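So the structure is just underneath, and the comments pick up after that.
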Amino acid sequence: MVNEDLKVGIIMGSKSDLNIMQDAADVLNELGVTFEITVVSAHRTPERMFDYAKNAYKRGLKVIIAGAGGAAHLPGMVASITQLPVIGVPVKSSNSIDGWDSILSILQMPNGIPVATVALNAAKNAGILAAQILATSDTRLSKRLLAYKEELKRKVEESAKDMKK
């Protein structure tokens, strides 16, 4: 069953990643993009991960944002199962090697299984990238993204003016 309103799936390997992944949800909310958010562990619940990835398209998702720390197999494994674009968010977790293990686990995917990878803990950028992907076929969202970027520009210009004072 396809849910036309649901656009982005945000998944993470552990609930402890929510403090990072919430940034993706917040920016999607700000841009008016519908999403779902849940925990799907590649290592502890592989059947749940397989089911989520295999059925995401059928349920109406257009993009999946997958955050994971440590060995960080979730984004790549999901990308190997689904035809949807997957954006990986490396998370610096408590068992992480300064986040490099997560970055390299997500970044170094074999040919044929791409995962768009954002910076360490950069779930906000993942949300923006997901919105940009969706905006290629949604003019209203494209206009909201332009307004969002104009606001970023305005804030930088305001900061520059404040520094001159």
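The values are calculated or read from the model by the stated rules, or taken from the named source; none is laboratory data. Predicted, not measured: the structure shown is a model, and the values here were computed from it. No Cβ is skipped: glycine too gets one built from the backbone with ideal geometry, and neighbour counts run over all protein chains shown.
Answer with yes or no whether residue 115 is out of contact with any Cys (no Cβ under 6 Å at 6 or more places or on another chain) and farther than 20 Å from residue 91 by Cα.
no
Could you check, for the stretch 118-134, whether at least one of its residues is over 30 Å from residue 70 (Cα atoms) and not β-branched (Val, Ile, Thr)?
The answer is no, given that none of the residues of the stretch 118-134 is over 30 Å from residue 70 (Cα atoms) and not β-branched (Val, Ile, Thr).
What's the total number of residues in the stretch 105-141 that are assigned to a helix (DSSP H, G or I), within 29 Å of residue 81 (Cβ to Cβ) and free of Cβ contacts under 8 Å to residues at least 40 places away in the same chain?
Matching residues across the stretch 105-141 total 6.
Restricting attention to the stretch 28-51, and to residues there that are surrounded by fewer than 22 Cβ atoms within 10 Å (Cβ to Cβ) and touching a Ser or Thr at 6+ places or on another chain (Cβ under 9 Å), which single residue is nearest to residue 142 (Cα to Cα)?
So the residue we want is 39.
Which residue out of 119, 160, 135, 147 is surrounded by fewer than 20 Cβ atoms within 10 Å (Cβ to Cβ) and at pLDDT below 95?
Every option except 160 fails the conditions.
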